[in-house]
């Protein structure tokens, strides 16, 4: 910085080499972002605590109360309540992953550094979904172990175990991805979180009040595809017999998340930041 | 080198930037000047591909921003100092930017040191003062060691020492052959840092000229006369063909006449003078004059975009600012 002002000087050349940045670089960047904010620890921490206490807690009460499991229900089922509550934490984190960029103005800096909107969103989705999947699947595994130890009844099959851990992890990650997509579309954290809580709870609540005969079909549909019933489907416990079960909820939620994220990329490409 | 060509941005019916064309050349500091709401920030956002232009284009070293493979190594920008996540440390805020452009980690410490934030690198940036936030933003602009640097109102919130520092930094960066583009609404600030000036008002180009030429053309010089017999003096001046403008307290201002001429004239007519001085209008006045017709938000007046600029306070100056001759970089 001591060169005298010669006119006109040669254009400046930096000693740092320029290569084409890749998705991998964007992922490294997003990993730094997600691990360096408190929201990550808070939301995932609360989720882990909820999952570890609610499911096994109910199981313990049942075990002492009635000296046995719930008749005719798979032994892992009680994990359902913790996952349902935990998914609300993941919704918050998913929305904040993109929403905090808009609320702080960081998005401008982010997009100046990486002008490809698709790459930024893909990197965010990859990092957030991987983290959520691992935390949820591992915690769900611990919960399932606890259920098996606490409750009597026939042991769960390998398929049930896979669904209750990997399936639950994927499903919760997919809800998170949907929240990320909604956050990118709405660009407002509180608004997006409210929308997502509505998505989780509203179908079931609405269905409760559909007494008219004309609405039976709609009521059935809302219950079948409500998120609590879909999570129940993962555990083989549904309110109806027509809703998605097994791996269907996972595929369904992943598809919905993919569509919303695709729309979000298209919108980000078109919109001013 | 940044080339802006017929850049236009409409927000609904409002035209924020209107057919703006100019170039920012390497090796000098180019000042981007305009009143609040003139379209400076919108233009800069379009340069960085954050806002999509309604029409027209911006090219950076011949390429569109989205085509730059690692943009931070071409162009560093400070748009809004608060454009960082407050819950993240200064170091991590810069690290995630560095990683996305494959800039080595060591460079993060280097730029933090350069802007004087090394001691607070691990502190959350939401606790930073306005000035520290500004320094962090400047650090992020310098991160990729880019050839082009763009600063939107960089002296905002800096203390005098900080202002001095940023001025010298910009000059040093330009002397290394970098392209520096800096916006401001303060003419006095520009006069100290910029070599070249681009002035806009209501999104339109008002001037594209070297600083020296701007000063030459726009700083009105006049002679100030104060006399207890100012009414007779005024008549005498009038008879001799001078146009005197009266200001408060019996002070007369005369354009285009030397102090010698006027002093001798007063002596011939035996008039008492209390003051005879040569004055130069400030550049700030020249700038206000230039943009008077295009100020977006007037205090105490109804907004009327079609209004003519108010008549100049002194006769015969400031009228040639938008003459064709002043719209290229003469004397640069």
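The values are calculated or read from the model by the stated rules, or taken from the named source; none is laboratory data. The shown structure was predicted, so the numbers you read here are calculated from the model rather than taken from an experiment. Positions of Cβ are backbone-derived with ideal geometry, glycine not excepted, and every protein chain shown enters the neighbour counts.
Tabulated data for the structure shown
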| read-out | value |
| --- | --- |
| Looking only at the range A:104-113, and only at residues there that are at the interface with another protein chain (Cβ under 7 Å from one of its Cβ atoms) and either surrounded by fewer than 24 Cβ atoms within 10 Å (Cβ to Cβ) or free of Cβ contacts under 8 Å to residues at least 60 places away in the same chain (or both), the one that is nearest to residue B:127 (Cα to Cα) | A:104 |
| Helices (runs of 4 or more DSSP H) (entirely within the range A:212-273) containing at least 1 residues that are closer than 30 Å to residue B:49 by Cα and more than 14 Å from the chain's Cα centre (by Cα) | A:248-270 |
| Which listed residue, of A:121, A:163, A:202, A:145, is surrounded by 17 or more Cβ atoms within 10 Å (Cβ to Cβ), away from chain B (no Cβ under 14 Å) and assigned to a helix (DSSP H, G or I) | A:163 |
| Filter result for the condition that a residue is away from chain B (no Cβ under 14 Å), in a helix (DSSP H, G or I), surrounded by 19 or more Cβ atoms within 10 Å (Cβ to Cβ) and in contact with a helix residue (DSSP H, G or I) (Cβ under 6 Å, 6 or more places away or on another chain), over A:99, A:94 | A:94 |
| Count of residues meeting criterion [at negative phi and touching a residue at least 12 places away in the same chain (Cβ under 8 Å)] in the range B:232-261 | 19 |
| Residue that is within 22 Å of residue A:18 (Cβ to Cβ), at the interface with chain A (Cβ under 10 Å from one of its Cβ atoms) and either in contact with a strand residue (DSSP E or B) (Cβ under 8 Å, 6 or more places away or on another chain) or free of Cβ contacts under 8 Å to residues at least 60 places away in the same chain (or both), where the choices are B:77, B:139, B:83 | B:77 |
| Of all residues in the range A:12-48 being part of a helix (DSSP H, G or I) and facing chain B (nearest Cβ under 7 Å), the one that is surrounded by the fewest Cβ atoms within 10 Å (Cβ to Cβ) | A:38 |
| Residue match in the range B:174-183 (condition: touching a residue at least 60 places away in the same chain (Cβ under 8 Å) and surrounded by fewer than 19 Cβ atoms within 10 Å (Cβ to Cβ)) | yes |
| Checklist (1) touching a residue at least 12 places away in the same chain (Cβ under 8 Å); (2) closer than 22 Å to residue A:124 by Cβ; (3) facing another protein chain (nearest Cβ under 10 Å); (4) buried (at least 18 other Cβ atoms within 10 Å of the Cβ) applied to residue B:66, failing item | (4) |
| So residue B:104, is it over 20 Å from residue A:103 (Cβ atoms), buried (at least 23 other Cβ atoms within 10 Å of the Cβ), within 11 Å of chain A (Cβ to nearest Cβ) and at pLDDT below 95 | no |
| Residues within the range B:9-41 that are facing chain A (nearest Cβ under 10 Å), surrounded by fewer than 23 Cβ atoms within 10 Å (Cβ to Cβ) and either under 19 Å from residue A:268 (Cβ atoms) or more than 17 Å from the chain's Cα centre (by Cα) (or both), tallied | 3 |
| Qualifying position, being within 13 Å of chain A (Cβ to nearest Cβ) and closer than 22 Å to residue B:17 by Cβ, among B:148, B:198 | B:148 |
| Number of the condition not met by residue B:190 [criteria: (1) touching a helix residue (DSSP H, G or I) at 6+ places or on another chain (Cβ under 8 Å); (2) part of a strand (DSSP E or B); (3) touching a residue at least 60 places away in the same chain (Cβ under 8 Å)] | (2) |
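Every residue, every condition in (1) assigned to a helix (DSSP H, G or I); (2) in contact with a strand residue (DSSP E or B) (Cβ under 9 Å, 6 or more places away or on another chain); (3) under 15 Å from residue B:279 (Cβ atoms); (4) modelled with pLDDT under 85, yes or no:
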| site | (1), (2), (3), (4) |
| --- | --- |
| B:206 | no, yes, no, no |
| B:242 | no, yes, no, no |
| B:254 | no, yes, yes, no |
| B:257 | no, yes, yes, yes |
| B:262 | yes, yes, yes, no |
